[in-house]
Amino acid sequence: MGAICLAGITATQVYWIKKVFDISETQFDVNVSLGLKNVSDSIAFETGTKPFAASPVSRLTSNYFVVNQPHQIDPALIERYLKNEFAKRGLQQNFGLVMFESDKLVYSKCITFRTVPVDTTMLKQIPNLSGATNLSFGIYFPAKAANLASGMYIWIFSSCVLLIVIVFFAYAMLVILKQKRLSEVQRDFVNNMAHEFQTPISAIMASAEVIKNPGVIENPQRLSNYAGIIDNEVRKLSSQVQRILEMAGAESETVVLNKTQVDVHDLMKQTVSKFLESPGNYNAGIAQYLVDGEHLIMADSMHLGNIIYNLLDNAVKYSRGVPNIEIVVSSEKDGVVIAIKDKGIGVDSKDLKKIFNKFYRVSQGNRHDVKGFGLGLSYVKLMVEAHHGTIDVKSKLNEGTTFILFFPFK
């Protein structure tokens, strides 16, 4: 409703500005025509001839007026008459005076009312006097529209105020929509986090209930098993909390990298091995193609390993059935390229630009069918850029996704 009201006010403002300008232009034309008619009558009186019964003034263009004269007259006298007549009517605009004899230009001059002189090139802009008879003189106002507009300062001021209001309204709306979206994203993040923590917490509670049974204390093996379950689940929780704190708190201004010379091939093998040892990833099929070439870069091995681990974890989460992942590491002139390709469900084109936003997760209907917090890809992009690298993603629905990373040697 606010936008509709502002649009209506803007349309009304534009309409009245045009209306006022048209009225000002009509008034200006009438004053010029009357002034030129008086000048013509004064010239007739000066030369002792009879004034024209009809008006000798005609307007060839919006800013070009022509007066037909029966006798030749001194240009200085015409200039004096014009200045006096225009001054009386408040038409103190700089103008060009031209005189013709049988369509031939015989005199031209720039006449000024203001301290700034008229650009003499304006005389070249004056159109030909088609239809002029015998002796004529013309008046040309080169800055007519600008001068009329400058007299509408109240309307110009109100338009500027309206423009400022519109800008602030648009800004406020953008902030409101952004906050609304942020609120939704944060709510989804909290829901996902609660769901992620529920499973290990339930396992810990169940194990604790069993341990409180006096009969379990008499069975050391059983007690050890449940204690091991609690220990594993607590470690998972601790790992998840630490990961959330690292990724959610990472900002480009606060990232400190401990760069050393890293062998990308060795790091890739270690990360894949660590990933396959994690619960739920044993059956993931990961094919590695380590192309020969330069593969030593200056990087933070911990963050670089986390980047690869997150992309592999993402590929497994969004795969149907047994994950099938390909990793290709190749070298180019200026750096190393890492391509990680899966054959999962893919990402719709409308979501591709958003997947690197913090907390953003592609909706799959049930928000909890795929585990995660929406922080992995945000962290990946942040760390790649912190290494002065680039990341690109190509994906098609139901065909899979490919992430292409580039890390410079220096």
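The values are calculated or read from the model by the stated rules, or taken from the named source; none is laboratory data. Because the structure is predicted, anything quoted here is derived from the model rather than measured. Here the Cβ is made from the backbone with ideal geometry for all residues, glycine too, and neighbour counts use every protein chain on show.
Just one of 55, 42 is crowded, with 17+ Cβ neighbours inside 10 Å, over 30 Å from residue 157 (Cα atoms) and out of contact with any Gly (no Cβ under 7 Å at 6 or more places or on another chain); which is it? Break it down into steps so the answer makes sense when it comes.
Details: 55 fails: crowded, with 17+ Cβ neighbours inside 10 Å.
Checking each option against the conditions leaves just 42.
To keep it simple, each residue is scored yes or no on (1) touching a strand residue (DSSP E or B) at 6+ places or on another chain (Cβ under 6 Å); (2) closer than 29 Å to residue 143 by Cβ.
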residue: 26; (1), (2): no, yes
residue: 45; (1), (2): no, no
residue: 56; (1), (2): yes, yes
residue: 66; (1), (2): yes, yes
residue: 81; (1), (2): no, yes
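Among the residues of segment 297-327, those that are outside any helix (DSSP H, G or I), farther than 19 Å from residue 355 by Cβ and not aliphatic (A, V, I, L, M) comprise 300, 321, 324, 326.
Screening residue 113 with (1) exposed (fewer than 13 other Cβ atoms within 10 Å of the Cβ); (2) closer than 26 Å to residue 23 by Cβ; (3) modelled with pLDDT under 80 gives one miss only, at (1). Mind checking whether some residue in segment 48-55 is under 27 Å from residue 148 (Cβ atoms) and either aliphatic (A, V, I, L, M) or assigned to a helix (DSSP H, G or I) (or both)? So far as segment 48-55 goes, no, none of its residues is under 27 Å from residue 148 (Cβ atoms) and either aliphatic (A, V, I, L, M) or assigned to a helix (DSSP H, G or I) (or both). Just one of (1) assigned to a helix (DSSP H, G or I); (2) closer than 30 Å to residue 155 by Cα; (3) aliphatic (A, V, I, L, M) fails for residue 91. It is (1).
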